[in-house]
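Please see the structure below; I have some questions.
The values are calculated or read from the model by the stated rules, or taken from the named source; none is laboratory data. Treat the numbers as computed from the prediction; the structure is a model and nothing was measured. Here the Cβ positions follow ideal geometry from the backbone for every residue, glycine too, while neighbour counts run over all protein chains shown.
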Amino acid sequence: MTQPVLDAPAFGSTDAFTLGVEQELFLVDAVGRQRNAGAHVLEALPELARGQVSAEVHACQVELISGVCRSAEEAIADLRALRDAVLGVGVGLLGTGIHPTAREGEAEITDKERYNFISALLGDALVDPVGALHVHVGMPDPETAIRAFNGLRPYVPLLEALAANSPFRHGRDTGLASAREITLRAWPRSGTPRAFGDWADFRSMAEGLTRVA
């Protein structure tokens, strides 16, 4: 059985090239130490006017999710309001690829069935949580999506270099611009996919991964 998103992709459900931005942030105390406070944050948050704050695999993180935006400025405003809401419940936020001083094993897994399953699947690959900024762009049709994906692939190394912001891990200088990148390589099915000939080619790859995941 194929996945609904592959059978009936939602291209055209919003205006073309609208944005949705997700920001994974670490929860910290007043001096920047990692806190496993995700459940507290979600319980204490007031009603949000726009966007949402969700749990992450690790209890020391939350994800800020913008609404559907027509510009980068609108997305920035959404994320700023969400950050202010989280800060308002008395927990600090840290935006980085990996916490610079937290010790291995300090991060707890969020107690939800899905996250416990992921933890059992990935094992020690999850010992250090990582943060990221995800930018989703609405595409008008499958052909444009594949063309945009293939066109962006050559620029991924440059974007990764510009975004590197995590040289420290476990309280020491790793000698790397991005300790996050090395940590994330332990995750199966991570990394940049190959180029695709068309939507059918992408669908075939995605169905294969779904069967073995």
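Can you pull out the residues in the range 136-184 that are closer than 27 Å to residue 13 by Cα and small (Gly, Ala, Ser)?
Answer for the range 136-184, where residues must be closer than 27 Å to residue 13 by Cα and small (Gly, Ala, Ser): 138, 145, 148, 151.
Kindly indicate which of 84, 78 is surrounded by fewer than 18 Cβ atoms within 10 Å (Cβ to Cβ) and among the charged types (D, E, K, R).
On inspection, the qualifying residue turns out to be 84.
Something else: Name the residues in the range 195-213 that are of a type outside the set (Gly, Ala, Ser) and surrounded by 10 or more Cβ atoms within 10 Å (Cβ to Cβ), would you?
Within the range 195-213, 196, 198, 199, 201, 202, 203, 205, 207, 209, 210 meet the criteria.
Quick one: residue 124 ticks every box in (1) modelled with pLDDT under 95; (2) not in a helix (DSSP H, G or I) bar one, so which box is it?
Residue 124 satisfies all of (1) modelled with pLDDT under 95; (2) not in a helix (DSSP H, G or I) except (2).
Also, quick follow-up: Tally the residues that are under 17 Å from the mean Cα position of the chain (by Cα), part of a helix (DSSP H, G or I), among the aliphatic types (A, V, I, L, M) and surrounded by 13 or more Cβ atoms within 10 Å (Cβ to Cβ), restricting the search to the range 127-167.
1
Could you run through the range 35-75 and say how many residues are outside any loop (DSSP other than H, G, I, E, B), of a type in the set (A, V, I, L, M) and surrounded by 13 or more Cβ atoms within 10 Å (Cβ to Cβ)?
Within the range 35-75, residues that are outside any loop (DSSP other than H, G, I, E, B), of a type in the set (A, V, I, L, M) and surrounded by 13 or more Cβ atoms within 10 Å (Cβ to Cβ) number 10.
Here's a follow-up. What tally of residues in the range 38-59 results from selecting those that are within 19 Å of residue 116 (Cα to Cα) and under 18 Å from the mean Cα position of the chain (by Cα)?
So the answer is 8.
Inspect the range 176-189 for any residue being closer than 21 Å to residue 147 by Cα and either surrounded by 15 or more Cβ atoms within 10 Å (Cβ to Cβ) or charged (D, E, K, R) (or both) and give the result as yes or no.
No, the range 176-189 has no match at all.
Filter the range 83-115 down to the residues that are within 18 Å of residue 126 (Cβ to Cβ) and assigned to a strand (DSSP E or B) and list them by number.
109
Another one. Filter the range 168-184 for residues that are in a helix (DSSP H, G or I) and among the charged types (D, E, K, R) and give the result.
180, 181
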